[in-house]
Ligand code: SF4
């Protein structure tokens, strides 16, 4: 699993990705950011976050 990226312009700060995958996504100043983590170990919840983002702001590097 590649590192996920959050498009800071598209993200509306809904917090869903952090709820689904808190090991990788954190809310920061009203937007989600990606923190250093074992992306391979978290691949299922990362994919869930990608699928759950209402504005498709999460992509893979
Ligand atoms: S789910 Fe999408 S819009 Fe919501 S905080 Fe995460 S990246 Fe932003």
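The values are calculated or read from the model by the stated rules, or taken from the named source; none is laboratory data. This one's a predicted model, so the numbers in the text were calculated from it and none came from an experiment. Neighbour counts run over all protein chains shown; Cβ positions are idealised from the backbone, glycine included.
Only residues that are more than 9 Å from the ligand (Cβ to nearest atom), more than 12 Å from residue 11 (Cα to Cα) and surrounded by fewer than 17 Cβ atoms within 10 Å (Cβ to Cβ) were counted in the stretch 46-61, giving 5.
Listed here are the residues, each with its yes/no results for (1) near the ligand (Cβ under 9 Å from one of its atoms); (2) outside any strand (DSSP E or B); (3) modelled with pLDDT of 95 or more.
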| residue | (1), (2), (3) |
| --- | --- |
| 2 | no, yes, no |
| 13 | yes, yes, yes |
| 27 | yes, no, yes |
| 39 | no, yes, yes |
